[in-house]
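So the structure is just underneath, and the comments pick up after that.
Read-outs: derived from the displayed coordinates by stated rules, not from any lab. Nothing here was measured: the structure is a model prediction, and the numbers come from that model.
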Amino acid sequence: MLASPIARTGARSRRYPTGEPTFIYESTDFGNSVSAAGKAYAQAKGLKIVGEESYQKGAADYRSTLTKMKAAGPDLVFMV
C-alpha cells in the first residue's frame, strides 16, 4: 500500500514529507471497500487523512474533485 514507507520510517523527507494522504475513489462497492481498507490502514499507521472524495463511475469531468483534493494539500493521493 502507498502509505507503508511513510508509516514505517516516520520520515519527513522530500520523497515522503508528512504522510498526509487523500483518497479519491469510485462510488461503487469496489471503490468504497478498497478506499475504506486504505483509510483504515493509514489511520492504524498514524497518518492524518486530509481528504476523501468519491466520483461517479463514467463521469465526464473530474475537475471539481481534483480541485477540492488539491486544496487539501495532500502528500499523496490514493485513487481507486
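How much length is gained on full extension from Lys57 to Ala72, taking 0.36 nm per residue of separation minus their Cα-Cα distance?
3.1 nm
Report, by chain and number, residues whose modeled amide H sits under 5 Å from the one on Gly51, excluding near sequence neighbours (fewer than 5 apart, same chain).
Distant-sequence amide H within range of Gly51: Phe23.
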